[in-house]
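Encoded as structure tokens, the structure appears first; notes follow it.
The values are calculated or read from the model by the stated rules, or taken from the named source; none is laboratory data. It should be emphasised that the depicted structure is a prediction, and the values quoted were computed from it without experimental measurement. We place every Cβ from the backbone using ideal geometry, glycine too, and count neighbours over all the protein chains shown.
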Amino acid sequence: MSRLGILTVCLLCCATLTFGQDVTELSLKAAFVLNFAKFNASRLRGSGSSYLQSLVAFSFLLDYIPNWRRAYGLGGFIQFQLFVPAGVVRSLIPELLRKCQDRGMISYLGVLKRHRPDEFLLSHGLDGYSLALDFPVDAHHPEPLWAFAREMTATVLEAGGNFYLAKDAVLTSEDARKMYGDRLTQFFQLKHRLDPAGILCGDLARRVFAGGRAQS
């Protein structure tokens, strides 16, 4: 991460910690500077060439900054990470970003990645791309964001996309059935064999898998 990027995040985190929710809009605008610095990092470094980076540094960019999540204000944020097939990415992602703009749901931090498929039962991997969008949550009026996220989810699933469960905050059991199909049945057959008492079940399973036992 560039020195300019680190300085930007430090300033917006300190501002939010000092002034609270009132400075959230200013903090999010400052995140634009961070995005610009990261995108142009190689040119800002003066070399213009690529460089090696550790797995931790690449995967957890913002964790270099203590309490960086507070930059989003008292309500925090959700990360909406969608995965879409390569064949529809050029049309679907612009459509989703236009929806964000039209609804005033602006993400000030976005990450686009290329992915390959794998053979795991409940994997998010596919031959395509993912787009992670961070949305600030209004602590007093969160409902519009949740409704918008559900609308975005329906659009992604209709296009044959899916989601990464570890980052999910909005999926329903119906969404899971659409995403996984027969793989979900196979997973719960395996789970019932290895965990017949249903001990291994958390809040995510209760929300997304209707208790984690209904499909077994």
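Quick check, is residue 197 outside any loop (DSSP other than H, G, I, E, B) and small (Gly, Ala, Ser)? Show your work before the answer.
Values: outside any loop (DSSP other than H, G, I, E, B): no; small (Gly, Ala, Ser): yes.
So residue 197 does not fit the description; no.
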Query raised in the report: Taking residue 200 and the conditions (1) closer than 29 Å to residue 92 by Cα; (2) modelled with pLDDT under 90, which numbered condition does it fall short on, given that it satisfies the others?
Result: (1)
Requested in this report: Name every residue in the stretch 157-182 that is surrounded by fewer than 14 Cβ atoms within 10 Å (Cβ to Cβ) and either closer than 16 Å to residue 84 by Cβ or basic (Lys, Arg) (or both), in order of residue number.
Outcome: 158, 167
Query - Any helices (runs of 4 or more DSSP H) falling wholly within the stretch 15-82 and containing at least 3 residues that are at pLDDT 70 or above, among the aliphatic types (A, V, I, L, M) and surrounded by fewer than 16 Cβ atoms within 10 Å (Cβ to Cβ) - result: 55-59
**Report entry** Residue under evaluation residue 108, criteria (1) assigned by TED's automatic domain parsing to the domain that holds residue 152; (2) outside any loop (DSSP other than H, G, I, E, B); (3) aromatic (Phe, Trp, Tyr), criterion not met
**Finding:** (2)
Report summary line: The lone condition residue 181 fails out of (1) in contact with a strand residue (DSSP E or B) (Cβ under 7 Å, 6 or more places away or on another chain); (2) on the phi > 0 side of the Ramachandran plot is (1)
Query - Sole exception among (1) touching a Lys or Arg at 6+ places or on another chain (Cβ under 9 Å); (2) farther than 15 Å from residue 168 by Cβ for residue 131, by number - result: (2)
